[in-house]
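Taking it in order: structure first as structure tokens, then the write-up.
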């Protein structure tokens, strides 16, 4: 991957850039850097020619009505043929809001009609009625969910030859009535349009990975998802944080790298254990991992694997809390209880005088404080035993998870901590 470079072109970056759409480009750059993929960005404005072979991904953001009108006419006059040629060879054309409306045949705005480049079969019309504003979530054909924010007055209707990007789960979508949002078209299915702001990619990093893989012409499976849980055969559930792209040459004959196939090339990766919160949100895989995925070394977790991962995460959190509490000095753990039960000097002297008076009146009375203390200690000992029995009962339900944690703790002897470099390999 180190020799790959994603070439990105932003059309009209000074005019079509509202709703923080530049965040989409920034995330693409960061995700490529974390994977050791090169990144080149160029902006093309009004009157500039577009080379259809010079870019892997072309991005068009949203803009105000006046700026959108300027860009629409310039795009048709100077860039339409180049956009068609780029889509024909498989380049990704990714357009958001105002840019999405210009992908079709045109945009009717009252008495004015803006021309479109005709990359996909759709028409947009501004009708009477309120703007479509609010949070939106859509489900794609593969079951993945995109979330964002929409704010548009135009109603986009797809033609017979166009298919939507996803089905609306919440929000308005293309026109507030059809139940669909966005468009996915072009000769190779690489023309993507959507009304989702947010910006979209920082809220849905996995979609940025899909755009990157599609633009580079590589299988999406070759890009392990970053910052989301995946299942591995060697280390269980983990989260990739960075993939350097550096070719790994693991030392031979060690237990750590014994599972690697010498016929494949591997690159270094950084990973960590997922938190409980990170294991609550992901959608499970609908199918079990196949032989190819297991040979690759990682796959999307199923529902049962996510459930087991949540149990393991709860155990890890409890262990961390107990270890943190054990490291605290006793006076820091219960200062209020100590202060509440510690008698003052005045009360202590009064108690001693009363105790001496009691002994003078009744010598056996001196045993009363000792008996009281023993009864209190017995009471708290009983409560402690009950708590221990409850903990043992709960512990039986998590024996397998605890054994896993113990194995991970013992593995620190070979420096297999959660964020260690070279802790995991995947097939390039």
TODO: Could you work out the relative contact order of region 1-100, using alpha carbon pairs under 8 angstrom and six or more residues apart, expressed as a whole percent?
DONE: 37 percent
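What is the diffusion coefficient of region 5-220 in µm²/s, taking the Kirkwood radius over Cα pairs and the Stokes-Einstein relation at 4 °C with a viscosity of 1.567 mPa s?
77 µm²/s
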Task: Rounded to whole Å, sorted largest first: equivalent-ellipsoid semi-axes of region 106-150, Cα gyration tensor - done: 26, 17, 7
TODO: For region 92-191, count all C-alpha to C-alpha pairs, find those more than 22 Å apart, and express that count as a whole percent of the total.
DONE: 23 percent
Open item on the list: I need the peptides 93-99, 210-216, 274-280, 167-173 ranked by packing, meaning the mean over residues of other C-beta atoms within 10 angstrom, with the highest value on top.
Closed with: 93-99, 210-216, 167-173, 274-280
- [ ] Compute the distance in nm between two label points, each set 7 Å from the Cα along the Cα-to-Cβ direction, one at residue 4 and one at residue 137.
- [x] 3.0 nm
Open item on the list: Test of understanding: ordering 46, 146 by Cβ neighbours within 10 Å, fewest first, what list do you get?
Closed with: 46, 146
Open item on the list: Taking 35 Å as R0, compute the FRET efficiency from the Cβ-Cβ separation of residue 280 and residue 328 and round it to 0.05.
Closed with: 0.75
TODO: Normalising by the residue count of region 5-220, find the relative contact order in percent from Cα pairs under 8 Å and 6+ residues apart.
DONE: 21 percent
- [ ] At 0.36 nm per residue, minus the direct Cα-Cα distance, what do residue 40 and residue 161 gain on full extension? Give it in nm, one decimal, please.
- [x] 40.2 nm
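Coordinate-derived values only; no laboratory data. None of these values were measured; they are calculated from a predicted model. Glycine also receives a Cβ, built like all others from the backbone with ideal geometry; neighbour counts cover every protein chain displayed.
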